[in-house]
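Working notes, structure below.
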Amino acid sequence: MEEENQKQPKEAGKFIKIKKFTFIMGIFLVIFLTAGITTIALTFGDEKVESLAPDKHAEFEKLYSTYDKIKDDYYEEVDEEKLVDGAINGMIKSLDDPYSAYMDKKEASSFHESISSSFEGIGAEIQEQDGQIMVVSPIKGSPAEKAGVKPNDIILSVDGKSVEGLSSSEAVLKIRGEKGTKVDLSISRAGESEPIELTIKRDTIPIETVYAEMLDDGVAKIQVTSFSEHTVQELKTALEEMSKKDMKGLVLDLRGNPGGLLDQAIEMASLFIPNGKVVLQVEDRSGKKDVYKSENDGELKIPVVVLIDDGSASASEIVAAAVSESADIPLIGVKSFGKGTVQTAEDFEDGSNFKYTAAKWLTPEGNWIHKKGIKPDITVKLPDYASLPYISPDKELKASDSSSEVKAAEEMLKEAGHDPGKIDGFFDEATTNAVTAFQREQKIKETGTIKDDTTVKLMQVIQEKILKNDTQVKKAVEVLKKEINK
């Protein structure tokens, strides 16, 4: 190598000494050859050029051809941006994955709002499943929850227009709206023969995700309603507040929690899991697994139980599975929703984005709970009246009416301590007497019909009874007390 380096300058020096005539003729020769090659390329067309640089995405030829044909020959002027959006949307829909979706600028903005700040709407997490829009869970305290929207409800229409075949992002845009405006939903629910018609008033939905309270005998209950940017910090603050109130045991309530940000779920689970133990595994398409371990600098030294139900999904299932398998924390309630995939979002320069499933997550022991859910250690159901459907206050129920709403009202009256006679969905004399007695007790105008204040108060009484007789919380407290008193 040393000899070659020494020779090269000498060789280069020879070219400097070329005669002037020879040098000029050489330049003409180069120009002539270049022109000749260009002429040949132009004469023989694209075929030879393409053979030198084959198209990396030749499979898109049909797509480009269709786009050009529609743009040039469709009988009306077309929106080119809309065509491109539709092509991307169709590509992602072909994945047949309810968790992957293309979002235009409006939809993308709505998506970012839902995990980072407050937004205006009804407050329900939804997903597309088999061409239908299904409720994963309503947000705690939201108009959707107050209206009686339940996990697994199927939304049939929004303001009279069918949402069948829409993506979840498209459906969200139809359901959301300005605070104070109303939206009409038609809902199909398992066990109900007729659709449930709801009119819900939209409101501001704050992304406050942690709610703490002290129960009896030093047991604290902290409910986590979703996983947004500040959830873990909210939980740490709540734990500090409960500790100051002499917390001896904790009920971590993940019921109705539809999920959210993965990093928040990992960090939250780590609060309850000894340092170095596995929180979850994330597996990509090749089978490669990234293992996430707890980086806890001091786990809680008090007994903990976790509540789950069929509205607990995704990130909340990550936490539930992690604390169960890596910290032996008991799970109480009913089987969870069953979402075992991880999504990521890519933003485009114009503000649109697409969300796609990038991996699946496994529990610390390597179990995939997708479409299976997590079975609790102790199964406890809520009372049957906790599943009673919502009755619109705008709709009047009166003597001689017969409907599913009348049947629901009869069941509510019975639970409120007023016998409506046979619960058969027929508004008879016994039902009228029960309604009148209820109105007298609640100091409402005695009309014998159910509407407005009577409807609202009747549902309020049932909600209070559900909270007072929360069988799942009662079981959790019972389990904790045994641990505290050991």
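Just one of the listed residues (E411, E349, E365) is of a type outside the set (G, A, S) and under 27 Å from T199 (Cβ atoms), namely E411. Checked against the criteria, L95 counts as closer than 22 Å to K360 by Cα, modelled with pLDDT of 90 or more and open to solvent by 10 Å² or more (accessible area, probe 1.4 Å). Please indicate, with yes or no, whether at least one residue in segment 74-82 is open to solvent by 80 Å² or more (accessible area, probe 1.4 Å), over 16 Å from the mean Cα position of the chain (by Cα) and hydroxyl-bearing (S, T, Y). Checked segment 74-82: at least one residue is open to solvent by 80 Å² or more (accessible area, probe 1.4 Å), over 16 Å from the mean Cα position of the chain (by Cα) and hydroxyl-bearing (S, T, Y).
Only one of the listed residues (D284, D310) is over 26 Å from M134 (Cβ atoms), out of contact with any helix residue (DSSP H, G or I) (no Cβ under 8 Å at 6 or more places or on another chain), open to solvent by 20 Å² or more (accessible area, probe 1.4 Å) and not β-branched (V, I, T). That residue is D284.
Of everything in segment 445-470 that is open to solvent by less than 40 Å² (accessible area, probe 1.4 Å) and either among the hydroxyl-bearing types (S, T, Y) or more than 23 Å from S392 (Cβ to Cβ) (or both), the residue that is nearest to the chain's Cα centre (by Cα) is D470. Could you please let me know if T357 is surrounded by fewer than 21 Cβ atoms within 10 Å (Cβ to Cβ), among the β-branched types (V, I, T) and more than 24 Å from M214 (Cβ to Cβ)? Yes. Going by what's in this entry, would A87 be described as surrounded by 14 or more Cβ atoms within 10 Å (Cβ to Cβ) and more than 17 Å from the chain's Cα centre (by Cα)? Judged against the criteria, A87 is a match. Looking across segment 394-424, the residues that are surrounded by fewer than 16 Cβ atoms within 10 Å (Cβ to Cβ) and not in a helix (DSSP H, G or I) come down to D394, K395, E396, K398, A399, S400, S402, S403, G417, D419, K422, D424.
Among the conditions (1) of a type outside the set (G, A, S); (2) touching an Asp or Glu at 6+ places or on another chain (Cβ under 9 Å); (3) surrounded by fewer than 17 Cβ atoms within 10 Å (Cβ to Cβ); (4) not in a strand (DSSP E or B), K371 misses just one, which is (2).
Going by the conditions given, is I126 modelled with pLDDT of 85 or more, in a strand (DSSP E or B), among the β-branched types (V, I, T) and over 15 Å from S226 (Cβ atoms)? Against the criterion (modelled with pLDDT of 85 or more, in a strand (DSSP E or B), among the β-branched types (V, I, T) and over 15 Å from S226 (Cβ atoms)), I126 does not qualify.
Under the condition of being without any contact (Cβ under 8 Å) to a residue 60 or more places away in the chain and in a strand (DSSP E or B), which residue from segment 197-212 is surrounded by the fewest Cβ atoms within 10 Å (Cβ to Cβ)?
Looking only at segment 197-212, we keep the residues that are without any contact (Cβ under 8 Å) to a residue 60 or more places away in the chain, and these are 201, 208-210, 212.
From what's left, in a strand (DSSP E or B): 201, 210, 212.
Values: K201: 13, V210: 20, A212: 21.
Applying the filter and picking the extreme gives K201.
Only one of the numbered conditions (1) more than 18 Å from the chain's Cα centre (by Cα); (2) within 29 Å of A358 (Cα to Cα) is not met by K245, and that is (2).
Just one of P393, P389, P364 is within 18 Å of P151 (Cβ to Cβ) and either touching a residue at least 24 places away in the same chain (Cβ under 8 Å) or among the β-branched types (V, I, T) (or both); which is it? Working first, answer last.
On the way: P393 fails: within 18 Å of P151 (Cβ to Cβ); P364 fails: within 18 Å of P151 (Cβ to Cβ).
Of P393, P389, P364, the one residue that is within 18 Å of P151 (Cβ to Cβ) and either touching a residue at least 24 places away in the same chain (Cβ under 8 Å) or among the β-branched types (V, I, T) (or both) is P389.
Of the residues making up segment 427-444, just one is open to solvent by 70 Å² or more (accessible area, probe 1.4 Å) and touching an Asp or Glu at 6+ places or on another chain (Cβ under 8 Å), namely R440. Collect the residues in segment 229-276 that are touching a residue at least 40 places away in the same chain (Cβ under 8 Å), farther than 17 Å from A212 by Cβ and either among the aliphatic types (A, V, I, L, M) or in a loop (DSSP other than H, G, I, E, B) (or both), keeping them in residue-number order. Result: E229, P258, G259, L261, L262, A265, I266, A269, I273, P274. Condition test on E192, is it in a loop (DSSP other than H, G, I, E, B) and open to solvent by 30 Å² or more (accessible area, probe 1.4 Å)? Judged against the criteria, E192 is a match.
Quick one: is K146 open to solvent by 80 Å² or more (accessible area, probe 1.4 Å) and at pLDDT below 85? Before the answer, list the steps.
On the way: open to solvent by 80 Å² or more (accessible area, probe 1.4 Å): yes; at pLDDT below 85: no.
Criteria not met by K146.
For segment 253-263, the criterion of being surrounded by fewer than 21 Cβ atoms within 10 Å (Cβ to Cβ) and either closer than 24 Å to Y390 by Cβ or out of contact with any Ser or Thr (no Cβ under 7 Å at 6 or more places or on another chain) (or both) is met by at least one residue.
The values are calculated or read from the model by the stated rules, or taken from the named source; none is laboratory data. Treat the numbers as computed from the prediction; the structure is a model and nothing was measured. Cβ sites come from the backbone with ideal geometry, for glycine too, and all protein chains shown count toward neighbours. Just so you know, the surface numbers come from the protein's heavy atoms only, side chains and all, with ligands and any DNA or RNA stripped out. Shrake-Rupley method; radii C 1.70, N 1.55, O 1.52, S 1.80 Å.
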